[in-house]
Amino acid sequence: MSTIEERWGPYPLILVGAVLAVAYAALVDPYWGGFALGAVIALGAVVRLAGGGRLAVRKKATDVVTLGVLGLALMAGALVLEYSELMPF
């Protein structure tokens, strides 16, 4: 029989991080809250690459690429919105 840590893995950590990032975005600063959410999602990609626990939904490669691209896009978008001089046009 597996323990709770083996079944759930890092899922609660990623979930709490995402909830805190969304709360920060809603209550304090949407730009840095969005960046934090992107960082948590990118962390989820790294954790899924290492194993994943309940983060394992599809094939490992699909999960890692999807979470990684979404996380990096959120972080890049937040930085571009916060620092308009980073915009390429």
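The values are calculated or read from the model by the stated rules, or taken from the named source; none is laboratory data. If you're wondering where the values come from, they're calculated on a predicted model, not measured in any experiment. Cβ placement follows ideal geometry from the backbone for every residue including glycine, while neighbour counts extend to all protein chains displayed.
Take the range 41-55 and flag every residue that is modelled with pLDDT of 75 or more and part of a loop (DSSP other than H, G, I, E, B).
Matches in the range 41-55: Gly51 only.
Please determine whether any residue of the range 4-14 is modelled with pLDDT of 90 or more, aliphatic (A, V, I, L, M), at negative phi and buried (at least 17 other Cβ atoms within 10 Å of the Cβ).
No, the range 4-14 contains no residue that is modelled with pLDDT of 90 or more, aliphatic (A, V, I, L, M), at negative phi and buried (at least 17 other Cβ atoms within 10 Å of the Cβ).
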